[in-house]
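J.: After the structure tokens below, expect a handful of questions from me.
The values are calculated or read from the model by the stated rules, or taken from the named source; none is laboratory data. On a predicted model such as this, the values are computed, not experimentally measured, just so you know. Every residue, glycine as well, gets a Cβ built from its backbone with ideal geometry; the counts of neighbours run over all protein chains shown. Just the protein is used for accessible areas: all its heavy atoms, side chains included, with ligands, DNA and RNA removed. Shrake-Rupley method; radii C 1.70, N 1.55, O 1.52, S 1.80 Å.
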Amino acid sequence: MGTASLNDGEAGESAKQKYLKKSKATEDKRIARFGPKLGMLANLYFGDSQNTKAWEKGAVGEIRVGKVLDAMGTKYEFGVLHDRKIPGSVANIDHILVTDRGVFVIDAKNYKGQVRIDEQGGILTPLVRTLYVGGRKQTKLVEGVKKQVDIVSASLKKGGLDSPV
């Protein structure tokens, strides 16, 4: 199968562009408020907000994952697509692997800490699984990737392809 070559995208590109846009807007705002010299000094001293830094950190994580996936795609002969835009949305899908066994959707995160799943419920109550990363509840990440899987499945079906995702 080989690695995808037709517009396979660049890992982390959307996150990197979002970071650059947010960082530039902050810099421009400080320069407009304080003037060129004091604004530049404020930019050096205060830097980016936590929210802006998170976009940069996310881009770095996506790029790292992308490099690993590209190397695996070459070695094991499967296609790798990065940073795929979701039609009608500002969101994207970080990575899609296309193999002879199916299509895999990967949503990369640059988080630290132990990953665990807490299960509650059972015989008389429904089983509820909660994802924690570094002690923080992150179950929403699972719901997000499920939506991405549904989008990829629908796109494949629309193209007349039937493959597990």
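J.: Just for segment 65-78: of the residues that are of a type in the set (D, E, K, R) and in contact (Cβ under 8 Å) with a residue 12 or more places away in the chain, which one is nearest to TYR111 (Cα to Cα)?
T.: Once the filter is applied, the top-ranked residue is LYS67.
J.: Mind checking which strands (runs of 3 or more DSSP E) fall wholly inside segment 55-131 and carry at least 2 residues that are more than 30 Å from THR26 (Cβ to Cβ) and open to solvent by 90 Å² or more (accessible area, probe 1.4 Å)?
T.: 115-120
Okay, residues lined up against (1) β-branched (Val, Ile, Thr); (2) farther than 30 Å from ASP162 by Cα:
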position	(1), (2)
ILE31	yes, yes
PHE46	no, yes
SER49	no, yes
TRP55	no, yes
VAL60	yes, yes
GLY66	no, no
ASN92	no, no
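For every residue, the table says whether it meets (1) at pLDDT below 95; (2) more than 20 Å from the chain's Cα centre (by Cα).
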{"position": "GLU13", "(1), (2)": "yes, no"}
{"position": "ALA25", "(1), (2)": "no, yes"}
{"position": "GLN50", "(1), (2)": "yes, no"}
{"position": "VAL68", "(1), (2)": "no, no"}
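J.: Tell me, please, whether a residue that is open to solvent by less than 60 Å² (accessible area, probe 1.4 Å), without any contact (Cβ under 8 Å) to a residue 24 or more places away in the chain and over 30 Å from ARG84 (Cα atoms) can be found in segment 26-34.
T.: Taking every residue of segment 26-34 in turn, at least one turns out to be open to solvent by less than 60 Å² (accessible area, probe 1.4 Å), without any contact (Cβ under 8 Å) to a residue 24 or more places away in the chain and over 30 Å from ARG84 (Cα atoms).
J.: Evaluate segment 103-115: report whether one residue or more is modelled with pLDDT of 95 or more and more than 27 Å from LYS16 (Cβ to Cβ).
T.: Yes: one or more hits.
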